Amino acid sequence: MAQKVCFISPEYWPLTGGTGAYVYYLSNELLKNGYQIYVVTGSNQTQDIQVNPQLGVSFLKIPKMPIVKSFMLAANSNRKLNSVRDTAHIDITHPQLPLTPNFAVPPTFGKTLVCTVHSTWKGEAEAIRGEPYSRLNANEKFLVSFNWFLRFFEEGMLARSRKIIAVSHFTKWELMNYYKIPEGKIRVIHNGVDISKFKPATDKRKVKAELGFNPDDIAIVSVGRLYARKGLFTLIESMPVVVNRFPNAKFIISGKGQSDEMHKLLVYAEKLSVKDNIIFTGYYPDKKLPKLYQAADIFAFSTFYEHHPFAVLEALATGLPVVTTTVGGIPETIESGKNGFLAEPFNPKTFGEKILYLLEHPAFAKEMGAQARKTIVENYDWRIVVKDAMKVYDQALS
């Protein structure tokens, strides 16, 4: 009998954030391995879709606001799962933390519960505590002020889990230190990448032109939501040293903000006289995302809090030289100077110098990109990652 897995996540389809990408790609690989999948997720309207005999999805209507969204999904998910409790025959319930509060899953639903931790509420609050309050969006202000409230529902889910998948060793460290989870309950399984979707460009100039960029410009790309913790102020501070030496360098920042993040960043760029070297693309749909990476000469990700970010994995898979930071699980994948460059967070000087070094040493940059692709193909292909997840499912059921 094929095992049946129920994923609960506020994001799934269309792909927008890391958690949704995780559920989408992991469930696809599980389908190829004969599993039955049922996904409960948020959308702008409620509908049940049987995609094929193996895959069913319940889209539940929820508002767009990030944290509100999680709690609304949890309430709706609880009702939904209660209604299918006797007919769905779920073996493994697989909620995604921290975005799925405990009450999303009714007590005793499914045979066992495994959760994946993509980040932690305590870790996120600790990370942004030092930021100027004016730089935080409403979501982040809530996260800091009501952290105890969010943690209550997060800790409930962690306690119920038979096994916990941590997306990095850093994640595991947070779970053991901030949440006192016993080590034996945690398995580290890094995120994967679809290596046939994210792959090196054959003709970079052509891709640049196709996306409306000037093929003669140097494209330094950054992908991620415009949240404080993505460290975009640091990226902008690193620009003058690059732009002075390469006036045709364009920093292409892709991702959507909550409200006025883009405006704050532009005001800052104007202050540093680099506004004309920035292009904000807004939210880039998943379908076009591989092309955006292919248009890049360098991928720059100046984040100060991460676990195992998809943006970095996708850039590495595209064969790009990546300049990012030493935070979270990133050093578990990038060995600085070999398959990417790492700088300390909040250090625009070093960050800018690393970008400059790559532009001044194109042969070195090319080799770094080749090593980046090799790292992903050998270790982070979803086909490898799924095997580890399947082992955890078996352990949780036994």
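The values are calculated or read from the model by the stated rules, or taken from the named source; none is laboratory data. Quantities reported herein were computed from a predicted structural model and do not represent experimental measurements. Neighbour counts are summed over all protein chains in view; Cβ atoms, including those assigned to glycine, are modelled from backbone coordinates with ideal geometry. Keep in mind that these areas ignore ligands, DNA and RNA; they rest on the heavy atoms of the full protein, side chains included. Shrake-Rupley method; radii C 1.70, N 1.55, O 1.52, S 1.80 Å.
Quick notes on this one:
- Once all protein chains are placed together, Y179 keeps about 20 Å² accessible to a 1.4 angstrom probe.
- The relative contact order of region 256-362, computed from alpha carbon pairs under 8 Å that lie at least 6 residues apart in sequence, is 20 percent.
- Taking Cα atoms only, the orientation of helix 169-178 departs from the longest principal axis of the chain by about 60 degrees.
- Per-residue extension of 0.36 nm, minus the Cα-Cα distance of N44 and A75, leaves a gain of 9.6 nm for this segment.
- Using C-alpha pairs below 8 Å separated by at least 6 residues, the relative contact order for the chain is 15 percent.
- In degrees, nearest ten, helix 18-32 long axis to first principal axis of the chain (Cα): 60
- With each label modelled as a point 7 angstrom along the Cα→C-beta vector, the S145-V241 pair spans 3.8 nm.
- Build a GNM of the chain with springs between Cα atoms under 10 Å apart, and of S168, S83, S238 the one that fluctuates most is S83.
- Candidate residues E124, E360, E210: accessible-area rank, largest first, probe 1.4 Å: E210, E360, E124
- Note on the chain: with a GNM built from Cα contacts shorter than 10 Å, the maximum mean-square fluctuation among F71, F213, F59 falls on F213.
- Heavy-atom surface of the chain, accessible at 1.4 Å and reported per residue (Å²): 41
- Gaussian network model of the chain, Cα within-10 Å springs - most flexible of N28, N139, N52: N52
- Sulfur and carbon atoms: percent of accessible area, the chain [1.4 Å]: 55
- The chain, dipole about Cα centre (Lys/Arg Cβ +1, Asp/Glu Cβ -1), debye to the nearest 20: 640
- Relative contact order (percent, whole number), region 47-123, Cα cutoff 8 Å, 6+ residue spacing: 26
- Along the axis of the charge dipole computed for the chain (Cβ charges of +1 for Lys and Arg, -1 for Asp and Glu, origin at the Cα centre), the listed residues L143, N248, A219 are led at the positive end by L143.
- In this structure, the amide hydrogen of V193, modeled 1.01 Å from its nitrogen in the peptide plane, lies closer than 5 angstrom to those of D381, W382, counting only residues at least 5 positions away or on a different chain.
- Rounded to the nearest 20 debye, the dipole size of region 321-372 about its Cα centre is 80 debye, using +1 on the Cβ of Lys and Arg and -1 on the Cβ of Asp and Glu.
- Given charges at beta-carbon only (K, R positive; D, E negative), |dipole| of region 218-275 in Debye: 120
- Segment A159-K206, length gained on full extension (0.36 nm per residue, minus Cα span): 11.8 nm
- Counting only protein heavy atoms and using a 1.4 Å probe, the accessible area of D394 comes to about 80 Å².
- Using a probe of 1.4 Å, the accessible surface attributed to H190 totals some 40 Å² when neighbouring protein chains are kept in position.
- Among the listed pairs K199/K366; K185/K387; K141/K163; K250/K291; K141/K349; K204/K291, those beyond 21 Å (Cα-Cα): K141/K163; K141/K349
- Spatial separation of Cα centroids for region 1-72 and region 280-321, in angstrom: 23
- Principal-axis tilt of helix 348-360 within the chain, Cα atoms, nearest 10 degrees: 70
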